[in-house]
């Protein structure tokens, strides 16, 4: 799910993203922002490696960069797919020597939402290795239709759909009108399905496609794995900053990193929403960094 970096920003309804979905399995010792080769090798071989980050964690970006570099060096990286760029945008036409500006242009990069200084090193590690970088997210043109597509409700079991709807409420600081919970949940499901389609198209026998996305997107009960065929082996890793209460068993692996300074993302948003709502005659909300 897309989240914004701190401080939270007010977003229009059409581009509101789903929020923090907590989930974990057994915890592992905290990482320090680097990924050892031994830890990566310890993961089972998979067609798809889903890395679920907290978007404002520099440790998570460092781990992603090293995972891409190590897999590429071993000849195992088929592609790097990103929540941070739209499906249909990619670097396939670029040379390994392409500049950062050329790569950003090819991906239609949104610097405001996704600071290049965070994601650029990971993206460029793939480009330099001659590995395609693929936008995986639902394009803006598909967002409006997704919010009204009731068939998307049936893609999650009732229990999971309920959890996803509650995540929308919580992640938008309980500022969304109840009438928007259903449409925003459909948008989240549509985004997960678009990412899954990107991964399926990029899969190669004997190699691994890496997805970098918010942790909510790699949740096995709610996210991208729900929309993948059983013929593809996916391994979902949650990169978790500090310790947190969690739903058990929704990730295959949890790599814990040092906690970030505590922040109340909603505290600064609510007054602004309340001031703006009468003026614009609509409710706006923010998304908590994380998933």
Fill in the blank from the handout: All-but-one check, residue 36 against (1) modelled with pLDDT of 50 or more; (2) within 21 Å of the chain's Cα centre (by Cα); (3) over 23 Å from residue 264 (Cα atoms), failing number (2)
Practice task
Evaluate the following for residue 186: is it at pLDDT 95 or above, part of a helix (DSSP H, G or I) and either within 24 Å of residue 40 (Cβ to Cβ) or in contact with a helix residue (DSSP H, G or I) (Cβ under 6 Å, 6 or more places away or on another chain) (or both)?
Solution key: yes
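Residues are listed down the side, and each one gets a yes or a no for (1) touching a residue at least 60 places away in the same chain (Cβ under 8 Å); (2) farther than 24 Å from residue 230 by Cα:
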{"position": "45", "(1), (2)": "yes, no"}
{"position": "48", "(1), (2)": "yes, no"}
{"position": "61", "(1), (2)": "yes, yes"}
{"position": "78", "(1), (2)": "yes, no"}
{"position": "81", "(1), (2)": "yes, no"}
{"position": "85", "(1), (2)": "no, yes"}
{"position": "88", "(1), (2)": "no, yes"}
{"position": "98", "(1), (2)": "no, yes"}
Practice task
Determine if region 158-167 includes at least one residue that is surrounded by 19 or more Cβ atoms within 10 Å (Cβ to Cβ) and either part of a loop (DSSP other than H, G, I, E, B) or without any contact (Cβ under 8 Å) to a residue 12 or more places away in the chain (or both).
Solution key: no
Exercise for the section: List every residue pair whose Cβ atoms sit under 6 Å apart, with the two residues 6 or more apart in sequence or on different chains, where the first one lies in region 105-133 and is over 21 Å from residue 76 (Cα atoms) and the second, anywhere, is assigned to a loop (DSSP other than H, G, I, E, B). Expected result: 106/91; 106/94; 107/89; 108/89
Exercise for the section: Can you confirm whether region 228-241 contains a residue that is crowded, with 19+ Cβ neighbours inside 10 Å, out of contact with any strand residue (DSSP E or B) (no Cβ under 6 Å at 6 or more places or on another chain), assigned to a loop (DSSP other than H, G, I, E, B) and modelled with pLDDT of 95 or more? Expected result: no
Exercise for the section: Keeping to region 243-270, report how many residues are modelled with pLDDT of 70 or more, more than 23 Å from residue 36 (Cβ to Cβ), surrounded by fewer than 18 Cβ atoms within 10 Å (Cβ to Cβ) and more than 19 Å from the chain's Cα centre (by Cα). Expected result: 5
Practice task
With the checklist (1) touching a strand residue (DSSP E or B) at 6+ places or on another chain (Cβ under 9 Å); (2) modelled with pLDDT of 50 or more; (3) farther than 26 Å from residue 193 by Cα; (4) not in a helix (DSSP H, G or I) in hand, flag the one item residue 50 doesn't pass.
Solution key: (3)
Handout entry: Meets criteria (assigned to a helix (DSSP H, G or I), touching a helix residue (DSSP H, G or I) at 6+ places or on another chain (Cβ under 8 Å) and either modelled with pLDDT under 95 or farther than 29 Å from residue 231 by Cβ (or both)) for residue 195
Key = no
Completion exercise
Here the residues within region 43-72 that are in contact with a helix residue (DSSP H, G or I) (Cβ under 6 Å, 6 or more places away or on another chain), surrounded by fewer than 24 Cβ atoms within 10 Å (Cβ to Cβ) and over 21 Å from residue 259 (Cα atoms) are 69, 70
Completion exercise
Exactly one of 94, 152 is within 20 Å of residue 200 (Cα to Cα) and surrounded by 18 or more Cβ atoms within 10 Å (Cβ to Cβ), and that residue is 152
Handout entry: Out of 136, 146, 126, 141, sole residue that is closer than 27 Å to residue 107 by Cβ, in contact with a strand residue (DSSP E or B) (Cβ under 6 Å, 6 or more places away or on another chain) and part of a helix (DSSP H, G or I)
Key = 126
Handout entry: Test: residue in region 200-208 that is under 26 Å from residue 61 (Cα atoms) and touching a helix residue (DSSP H, G or I) at 6+ places or on another chain (Cβ under 8 Å)
Key = yes
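Table: residues versus (1) at pLDDT 95 or above; (2) touching a strand residue (DSSP E or B) at 6+ places or on another chain (Cβ under 7 Å); (3) within 21 Å of residue 251 (Cβ to Cβ).
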| position | (1), (2), (3) |
| --- | --- |
| 54 | no, yes, yes |
| 57 | no, yes, yes |
| 71 | yes, yes, yes |
| 77 | yes, yes, no |
| 82 | yes, yes, yes |
| 85 | yes, yes, no |
| 89 | yes, yes, no |
| 94 | yes, no, no |
| 98 | yes, no, no |
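The values are calculated or read from the model by the stated rules, or taken from the named source; none is laboratory data. For clarity, every value in this text was computed on a predicted model and none was experimentally measured. Please note: Cβ atoms are built from the backbone with ideal geometry, for glycine as well, and neighbour counts cover all protein chains shown.
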